[in-house]
1. Given Cα positions, please report Rg to Rh for the range 37-98, the hydrodynamic radius being the Kirkwood one.
2. If you project the alpha carbons of the range 1-126 onto their three principal axes, what span does each projection cover, largest first, in Å?
3. Putting +1 on Lys and Arg Cβ atoms and -1 on Asp and Glu Cβ atoms, find which of 37, 5, 70 reaches farthest to the positive end of the dipole of the range 1-99.
4. Give me the angle, in degrees from 0 to 90, between the Cα long axis of helix 68-82 and the longest principal axis of the Cα atoms of the chain, rounded to the nearest 10.
5. Accessible area per residue for the chain in Å², computed with a 1.4 Å probe and the full protein assembly in place, what is it?
6. Give the share of C-alpha pairs in each 5 angstrom bin for the chain, from 0 to the last occupied bin, in whole percents, shortest bins first.
7. To the nearest 20 Debye, how big is the dipole of the range 47-149 about its Cα centre, given +1 on the beta carbon of each Lys and Arg and -1 on that of each Asp and Glu?
8. What value does the range 147-217 have for Rg/Rh, both radii from Cα atoms and Rh as Kirkwood defines it?
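The values are calculated or read from the model by the stated rules, or taken from the named source; none is laboratory data. Not measured: the values here are computed from a predicted model. Cβ: placed from backbone, ideal geometry, glycine included. Neighbour counts: every protein chain shown. When the accessible area is computed, the model is the full protein with side chains, heavy atoms only, and any ligands, DNA or RNA have been set aside. Shrake-Rupley method; radii C 1.70, N 1.55, O 1.52, S 1.80 Å.
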Amino acid sequence: MPLLMLDLDNTLVDRDAAFRDAVAAFLAEHRLPHTELTWVTAVDAGGYAARRDVAAAMTERYGDAVPAPAVHSLLDHGAADRVVLTDSSREAVERARAGGWTCVIVTNGRTGQQEAKIRRTGLDRLVQGWVISEGVGHKKPEPEIFHAAADAGGVPLTGAWVVGDSPHADVAGAHALGLRSVWVSNGRPWPQAPYRPTHVAGDVATAVDLVIGAIVP
């Protein structure tokens, strides 16, 4: 069974939308201007900023107006508590499974937070396994995390595909291992880079269909 490695945040699920919703609720709860949403999401940098740096920036900006535990709760649980799996994403994974693909989630992040998203959305019942960078001690694009995904799925890495929204973490990681990839653009142009994905798709459902429709899986 060929291996299909799927990114989680902003690929299988819209992490940024969930985080924006959480921040909006946080601002309303603490009677802060809704315009602060732009600042918080910029500091968060789509989840790529270090949690400690985001927490420090928010604590400094809001001071006594917001208790530090409230900031930490937002960063630890906000997106995880609100993330959803769309029907199109779920059906795409189901099509891949039906086509004989072994589906494994490969995600950077903290184990507790990422597993909460996987279980909340029901992805734990759809995929054959997952690997999280904190748990394996390696982050995408490091090759070790992709090898760990193959081990989790019980299949060889040879012939595998990588689907994800990050040019650096997902596509570069696949390129370094000689694997094929689909970049989920989410409407963005491909950046200048010395490598390119095998395919570009606007969303994960289209990306998965490109993979399972490949002549040579």
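1. Working: Rg = 16.1 Å, Rh = 13.7 Å.
With Rh from the inverse mean 1/r over Cα pairs, Rg/Rh is 1.18.
2. Projected onto the principal axes, the Cα atoms of the range 1-126 cover 55, 24, 20 Å.
3. 5
4. Approximately 40 degrees, to the nearest ten.
5. Values: 10180 Å² over 217 residues.
Each residue of the chain exposes 47 Å² on average to a 1.4 Å probe.
6. In order of increasing distance, the bins hold 1, 7, 15, 19, 19, 15, 10, 7, 4, 2, 1, 0 percent.
7. Values: 14 positive and 13 negative charges, 43 e Å.
Value, rounded to 20: 200 debye.
8. Numbers: Rg = 11.9 Å, Rh = 12.4 Å.
Rounded to two decimals, Rg over Rh is 0.96.
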